[in-house]
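The values are calculated or read from the model by the stated rules, or taken from the named source; none is laboratory data. Here the structure is a predicted model, which means the values were calculated and not measured. Counting neighbours? That spans all protein chains shown, and the Cβs are built from the backbone with ideal geometry, glycine included. Surface accessibility is based on the protein's heavy atoms, side chains included, excluding ligands, DNA and RNA. Shrake-Rupley method; radii C 1.70, N 1.55, O 1.52, S 1.80 Å.
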Amino acid sequence: KDRFFCSLEQLLKQKLNMSAFAVIRYVFAQQQTSNVNILPPVFVSTVGKKILKYMLSQKDPEYLNAFIILRSEKNQLECLDYLKQTLKNNSQRIAFSTFSEMYNKYKNSDECVVDRESRLKLYYYSELCKQYPNLKAPSNLDSIGISEFLKDLEKRQLSVDLLKKLCKDFGWNYQKMLVRQIKIVLNLQQLDFEIKTDQFGKEEVIVRTSVE
């Protein structure tokens, strides 16, 4: 028994999570038909949750493997609640929303719509933070409706790449949004002026303050 747990620990330390998961599920299934009790259910569940957290915390989250593990769990909603509570930073929250959306689509649950909105708000907010380093995170981001969030986005100066993504995700007209962005950029500039001199040497300062 000690050798088994030592081997299992090594698999986990080496981040061979799917191998560790396969061993745990195999041993757990076998002990159901025997009188051997090597792996208590609470141990199996705890390790499963930790593996899920690790997979969704990566720079490139392992969604497929994590979904395989979640499907094997008896208390799937409990696992999702654990992940929601422990995945804290913005990239982890995006990964969780994406994962939760996958799960709810699999379950044909309407909650997938809520997950999608949450994922998009988190993603585009994180992209805004890259452009506006001093932007403060709203404490009520989760409660802000997607329409209200998008209205705020439309007022901001955005990169072309980000604008293209927004148009794709929300069905915006790219040309119209591009024109709007040009107006935003011009309005953010300092007063634009030029000095004209007529034939008599009289100077005239012309200030252009309107984008229209």
Residue pairs within 9 Å by beta carbon, gap of at least six or interchain, first lying in region 29-52 and touching a residue at least 24 places away in the same chain (Cβ under 8 Å), second in a helix (DSSP H, G or I) and polar (S, T, N, Q), listed first then second, are Ile38/Gln30; Ile38/Gln31; Gly48/Ser72; Lys49/Thr86; Ile51/Asn17; Ile51/Asn65
For region 105-212, please list each of the helices (runs of 4 or more DSSP H) lying entirely inside it that holds at least 1 residues being within 21 Å of Ile94 (Cβ to Cβ) and at pLDDT below 85.
111-131, 146-154
Flagged in region 37-55 as of a type in the set (A, V, I, L, M) and open to solvent by 60 Å² or more (accessible area, probe 1.4 Å), in numbering order, are Val42
In a helix (DSSP H, G or I), open to solvent by less than 40 Å² (accessible area, probe 1.4 Å), at pLDDT below 95 and not small (Gly, Ala, Ser) - does that describe any residue in region 56-63?
no
All positions within region 64-104 that are among the aliphatic types (A, V, I, L, M) and outside any helix (DSSP H, G or I)
Leu87
Tell me, which residue of region 16-37 that is closer than 14 Å to Phe4 by Cβ and outside any helix (DSSP H, G or I) is farthest from the chain's Cα centre (by Cα)?
Val36
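May I ask you to verify whether Gln76 is within 30 Å of Ser19 (Cα to Cα) and open to solvent by less than 50 Å² (accessible area, probe 1.4 Å)? Please lay out each step first, then the result.
Values: within 30 Å of Ser19 (Cα to Cα): yes; open to solvent by less than 50 Å² (accessible area, probe 1.4 Å): yes.
Answer is yes for this residue.
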